[in-house]
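J.: Structure in structure tokens, see below.
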Amino acid sequence: MIRKEITISDISHKNMADLIHIACIFDSDIILENSRSRINAKSLMGVMAFSPTDEITMTITATGKDELEALSAIEDFFIKKIRF
């Protein structure tokens, strides 16, 4: 299991489907947490309910055989605004 805390900004809610797409590429479990919620990044309902706002701090946790790659990809999604 690995964890990383990041601060995100400038999030477009219409691109949250891309988050699910990225998370589903990996076998690892990916959890996103902030002060209000804890969700599975592969869950449509969870991601919709998560609705991160600008300048929010969250923790990404990845557990599994490709956890390093999974965490890096999710971080890139939020920080570098990578889209599919």
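No value in this document is a laboratory result; all are computed from the given coordinates. Note that the coordinates shown come from a computational prediction; the quantities given were computed from them, not determined experimentally. Virtual Cβ from ideal backbone geometry, glycine too; neighbours counted across all protein chains shown.
J.: Any chance you could run the full-extension gain for Met48 through Ile6? It's 0.36 nm times the residue separation minus the Cα-Cα distance, nm to one decimal. Present the calculation step by step, with values, prior to reporting the outcome.
T.: Values: separation 42, 0.36 × 42 = 15.12 nm, distance 1.94 nm.
Full-extension gain reported as 13.2 nm.
J.: Continuing with the same structure: What spacing in nm lies between the two simple spin-label points modelled at Asn40 and Asp18, each 7 Å away from Cα in the Cβ direction?
T.: Roughly 2.4 nm, to one decimal.
J.: Turning to a different aspect of this structure: Any idea how far apart Glu33 and Lys80 come out in nm if each label point goes 7 Å out from Cα toward Cβ?
T.: Output for this residue pair reads 2.6 nm.
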